[in-house]
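Below you'll find the structure, written out as structure tokens, and then a few comments.
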Amino acid sequence: MYAFHTDKPWYFEMQCRNAREYVIPFVEPCMAIGPGCHVLEVGCAEGGVLKAFVERGCTGVGVELEDGRLVLASQFMEKEMASGAIRLINRDIQHPSFLKEFRQHFDLIVLKDVIEHIPNQENLLPLLGSFLKPGGKIFFGFPPWCMPFGGHQQVCVSILSRIPYVHLLPMGLYRSLLRLFGEKVEPFLEIKETGLSTHRFERIVRQTGLRICAQTHYLINPIYRFKFKLRPRIQYAWIRAIPYLRDFVTTCVYYLVEVAPEKS
């Protein structure tokens, strides 16, 4: 496992810088990011992404299911919480109480490296739309399933952490390989079941009454600048134009979506 996955202060700072230098500049041409903007981050972990938005004057709500990560988030953003700029919630956004409290509440919802972990994405996307104010938008950033490390095997503790495309093996063979190398099997099999291709994501967006406002496909993920000192690079246009091939060599995609206007 790479050290940045266990060094939580550095991981927090890395996520904050990536949001500050890449996520916000991607979103900002389509909407104002600043005072008066209410932002929800789903799966906020230690809160690095949300911190970058609050630095711009936004008010943030972070939702996370893992208690331990929220404890760290509250430590890293103690001042922001004390001032009321950030609220952290340990709850499933699909619980009815969340919708009751936050219906049409947010200008922007952020899911950074989260959507590929959530089952039943067809149900999730329209639910997210119900949390938006009129004209609000949703940011998705995720690695396409078929990219070299789309199975998140980089967090393995064995040599599997450095083997690209191993997650594309048939389920039974992949399960056996994970056991052979002493890995925790279930988390990786869950990713295999929920992993998301760009083609499927775009189909879900169309089918759930949303539309894509902006998109960028990356040959080299922006966060690799902080993880591996690699310069981010946008995917070649000719590769991006081939729906299935592109996922094998695209390490990250950014999408901004909104509720499509009703047809008159």
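Only the coordinates and a few stated rules stand behind these numbers; no lab work does. Since the structure is predicted, the reported quantities are computational estimates derived from the model, not experimental observations. With ideal geometry, Cβ positions are generated from the backbone for all residues, glycine too; neighbour counts draw on all protein chains shown.
By counting other Cβ atoms within 10 Å of each Cβ, how are CYS37, CYS58, CYS44 ranked from fewest to most?
Values: CYS37 18, CYS58 22, CYS44 28.
Fewest-to-most ranking of CYS37, CYS58, CYS44: CYS37, CYS58, CYS44.
In degrees between 0 and 90, to the nearest 10, how far off the longest principal axis of the chain does helix 171-180 point, with axes built from Cα atoms?
It works out to around 80 degrees.
Counting each DSSP H run of 4 or more residues in the chain as -39500 (n - 2.57), what helix-only mean residue ellipticity at 222 nm follows after dividing by all residues, to the nearest 500 deg cm²/dmol? Please report the intermediate quantities before stating the final value.
Values: 13 runs with 99 residues, N = 264.
-10000 deg cm²/dmol, from helical runs alone.
Which lysines, on any chain, are close to LYS192 with Cα under 17 Å apart, when same-chain ones fewer than 8 places away are left out?
Leaving aside lysines fewer than 8 places away in the same chain, those within reach of LYS192 are LYS184.
Under a point-charge model restricted to the Cβ atoms of Lys and Arg (+1) and Asp and Glu (-1), what is the dipole moment magnitude of the stretch 155-262 relative to its Cα centre, in debye to the nearest 20? List each step's numbers first, then the result.
Working: 16 positive and 8 negative charges, 100 e Å.
Taking the Cα centre of the stretch 155-262 as origin, the dipole is about 480 debye.
Which distance in Å, rounded to a whole number, links the C-alpha centroids of the stretch 159-177 and the stretch 209-225?
Going from one Cα centre to the other spans 26 Å.
Under 19 Å from the Cα of LYS229, which aspartates and glutamates turn up, not counting those fewer than eight places away in the same chain?
LYS229 reaches ASP7, GLU13, GLU21.
Positive end of the charge dipole of the stretch 90-244 (Lys, Arg +1 and Asp, Glu -1 on Cβ, about the Cα centre): tell me which of HIS152, ILE212, HIS117 has its Cα farthest that way.
Highest projection toward the positive end goes to ILE212.
For helix 67-76, what angle does its Cα long axis make with the longest principal axis of the chain, in degrees from 0 to 90 and rounded to 10?
Tilt relative to the chain: about 60 degrees.
So how do HIS152, HIS105 line up by other beta-carbon neighbours within 10 Å, fewest first? Can you show the working numbers first?
On the way: HIS152 19, HIS105 16.
Placing the least packed residue first, the sequence is HIS105, HIS152.
Go ahead and collect, in residue order, the members of the stretch 220-251 whose backbone nitrogen is under 11 Å from a label point 7 Å along the Cα-Cβ direction of TRP10.
Residues passing the 11 Å test: 227-228.
Would you order LEU180, LEU127, LEU88 from fewest to most other beta-carbon atoms within 10 Å of each residue's own beta-carbon? Let's see the in-between values first.
Working: LEU180 10, LEU127 14, LEU88 21.
Result, fewest neighbours first: LEU180, LEU127, LEU88.
Quick one: which residues, 5+ away or cross-chain, put their amide H under 5 Å from the amide H of VAL61? H built at 1.01 Å from N.
It is VAL39, LEU40, GLU41, ARG87, by chain and number.
Can you tell me the 0 to 90 degree angle between the C-alpha axis of helix 185-194 and the longest principal axis of the chain, rounded to 10?
For helix 185-194, the angle is close to 60 degrees.
With the cut-off at 20 Å, tell me which of the pairs LYS8/LYS79; LYS112/LYS137; LYS51/LYS100; LYS8/LYS112 have Cα atoms farther apart than that. List each step's numbers first, then the result.
Working: LYS8/LYS79 18 Å; LYS112/LYS137 14 Å; LYS51/LYS100 25 Å; LYS8/LYS112 17 Å.
Pairs exceeding 20 Å: LYS51/LYS100.
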